[in-house]
Every structure is written in C-alpha cells, then in structure tokens.
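The values are calculated or read from the model by the stated rules, or taken from the named source; none is laboratory data. The shown structure was predicted, so the numbers you read here are calculated from the model rather than taken from an experiment. FYI the Cβ positions are ideal-geometry reconstructions off the backbone, even for glycines, and counts take in every protein chain you see.
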C-alpha cells in the first residue's frame with residue numbers, strides 16, 4: 001500500500017512544490033527514464049527516499065535539476081542554420097525595423113546568446129537593447145554570466161573570433177566584457193512566467209524536445225504573442241511546429257517561423 005502511495009504522481013507533485021518545476025509538462029516515459037537513472041546513482045530505491053535526498057542535500061538537488069533540464073549548448077550550433085539566419089532572416093527583419101529586439105530562450109550556459117552577440121558585432125546589426133537570455137536553471141545562468149569556457153567548448157568558434165572576443169586564462173577562455181555588456185541574463189520558467197513583448201527574433205532551440213505536444217503548442221503560442229508582426233521564431237533541428245497557421249506563424253525556412 002505504501003509503495004503505491006509514493007508513485008510517479010506523488011513524486012512530481014512533491015517535487016513541483018520543492019522546485020517550482022512542473023514535470024507534468026514533460027513526456028512521462030523520457031522524463032521517468034532520466035529521473036530513474038539519476039535515482040540509481042544516489043542509491044535511492046523509491047521516490048520517497050529520493051525526495052528525502054533532494055531535500056537534504058543541496059548539491060544533489062542542484063545536479064538533479066541540471067540533469068532533468070538538459071543543459072546542452074554549443075557556440076553557433078548547427079552552423080548551416082546560423083548561415084540562413086545571417087543571410088536571409090536578419091536582413092529581412094531589418095527591412096521591417098531599424099533595430100532588433102532578440103531573445104535567447106533556454107540559453108543554458110550562454111553559448112547561444114554569446115554567439116548572437118558575436119554575430120551582431122561582426123555584422124554591425126543594430127540592437128534595440130541588450131539581448132535577453134533566459135533559463136530555468138540558476139546554476140547554468142551563473143556560469144553564463146561568468147563566461148568561462150574550455151578549449152573544447154570553443155570548437156565551433158572561428159579562430160578569428162576567439163582571438164577577438166576571448167581571453168585565454170590557463171586551460172580556459174573568458175568571454176570579453178564587450179560581449180557580456182550586450183546580454184541580460186535572467187532566470188525564467190517558460191511554462192509559468194509571462195513573457196515580455198515586442199521581440200523581432202526569438203531563439204528557442206532543443207528546449208521543448210521532452211515536452212508534451214499540448215505543452216509545446218502552448219509555449220509556441222506564447223512565443224508568437226511575444227513577437228512583433230513579421231517577427232521570427234528559430235527552433236531546434238529536431239523540432240517542428242504542427243498547425244503553425246493556427247498560431248499565426250508561417251514557415252519561411254527550415255526551423256524558422258515568421259509571425260504573420
């Protein structure tokens with residue numbers, strides 16, 4: 001009887017109270033596998049024991065949140081997609097407005113917004129303000145704000161940009177203050193929090209992969225509402241927006257959707 005009581009539904013309810021993360025928005029099979037694999041590393045045989053560990057050990061709690069929020073990022077991830085953004089998407093946006101309001105949603109440890117900052121600097125794209133970069137995980141936002149990366153993390157960055165925008169510090173490279181000043185890092189729950197308005201370009205890539213279809217549609221609708229007319233949403237390489245027209249969006253290139 002006790003074993004049945006401490007089930008999946010019980011855990012996601014209790015964890016939601018603890019973390020303010022709504023696991024009902026995620027596809028259960030994939031999320032359950034990720035959670036159970038982490039539980040095994042902690043020697044927790046059931047959800048109650050695991051929740052006790054999370055309440056007791058802040059380091060385990062931090063690592064668990066990082067584990068389930070899937071913080072994987074790269075500089076200039078999928079270069080061919082960035083080329084489309086550089087050559088087609090941003091020029092079309094600048095025909096509509098003199099300056100751009102850009103948001104990197106689910107920015108993880110900062111590679112994406114810093115890539116945006118480098119692109120804007122190199123191409124002299126006019127910005128309406130700082131690039132907004134948000135993530136649910138406070139720990140990765142702290143890493144992003146520090147801006148310290150390994151040599152391996154910089155594999156996707158052209159050497160000319162490394163010399164220009166990074167300072168070598170031992171085995172690591174620190175992002176320049178010039179780029180840091182271009183970005184506002186902010187903690188945000190995409191599912192619960194309200195969004196700012198008036199964006200021309202929103203990047204939300206490889207964030208919704210484990211969300212339920214219903215949650216994805218709700219999130220894409222929120223993004224559509226947050227964009228100005230003709231604004232563009234850039235999604236991940238494994239993602240697709242079904243019934244985009246119902247959201248007022250139109251596919252203008254693979255992985256790019258424009259608000260009509």
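Observations on the structure shown:
- Residues in the range 190-207 that are touching a residue at least 60 places away in the same chain (Cβ under 8 Å), surrounded by fewer than 21 Cβ atoms within 10 Å (Cβ to Cβ) and closer than 19 Å to residue 93 by Cβ: 2 in all.
- Test: residue in the range 181-189 that is closer than 25 Å to residue 75 by Cα, over 18 Å from the mean Cα position of the chain (by Cα) and loosely packed, with under 14 Cβ neighbours inside 10 Å: yes
- Options 28, 33: the member that is surrounded by fewer than 13 Cβ atoms within 10 Å (Cβ to Cβ) and either in contact with a strand residue (DSSP E or B) (Cβ under 9 Å, 6 or more places away or on another chain) or modelled with pLDDT under 90 (or both): 33
- With respect to the stated conditions, residue 73 is under 22 Å from residue 151 (Cβ atoms), not in a strand (DSSP E or B) and not assigned by TED's automatic domain parsing to the domain that holds residue 208.
- Condition met for residue 138 (free of Cβ contacts under 8 Å to residues at least 60 places away in the same chain, assigned by TED's automatic domain parsing to the domain that holds residue 175 and more than 19 Å from residue 190 (Cβ to Cβ)): no
- Every residue from the range 249-258 that is touching a strand residue (DSSP E or B) at 6+ places or on another chain (Cβ under 6 Å) and part of a loop (DSSP other than H, G, I, E, B): 255
- Residue within the range 231-241 that is assigned by TED's automatic domain parsing to the domain that holds residue 130, modelled with pLDDT of 90 or more, in contact with a helix residue (DSSP H, G or I) (Cβ under 7 Å, 6 or more places away or on another chain) and assigned to a loop (DSSP other than H, G, I, E, B) present: yes
- Long-range neighbours under 6 Å by Cβ, at least six apart or interchain, first residue at negative phi within the range 19-37, second surrounded by fewer than 16 Cβ atoms within 10 Å (Cβ to Cβ) and not in a strand (DSSP E or B): 22/16; 27/212
- Residue match in the range 122-130 (condition: without any contact (Cβ under 8 Å) to a residue 40 or more places away in the chain and crowded, with 16+ Cβ neighbours inside 10 Å): yes
Rundown of residues vs (1) in a strand (DSSP E or B); (2) outside the structural domain of residue 194 (by TED's automatic domain parsing); (3) surrounded by 14 or more Cβ atoms within 10 Å (Cβ to Cβ); (4) touching a strand residue (DSSP E or B) at 6+ places or on another chain (Cβ under 6 Å), yes/no style:
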position: 95; (1), (2), (3), (4): no, no, no, no
position: 103; (1), (2), (3), (4): yes, no, yes, yes
position: 113; (1), (2), (3), (4): no, no, yes, yes
position: 116; (1), (2), (3), (4): no, no, yes, yes
position: 133; (1), (2), (3), (4): yes, no, yes, yes
position: 143; (1), (2), (3), (4): no, no, yes, no
position: 149; (1), (2), (3), (4): yes, no, yes, yes
position: 153; (1), (2), (3), (4): no, no, yes, no
position: 163; (1), (2), (3), (4): no, no, no, no
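- Residues of the range 91-116 satisfying the condition of being more than 30 Å from residue 19 (Cβ to Cβ) and under 20 Å from the mean Cα position of the chain (by Cα): 100, 101
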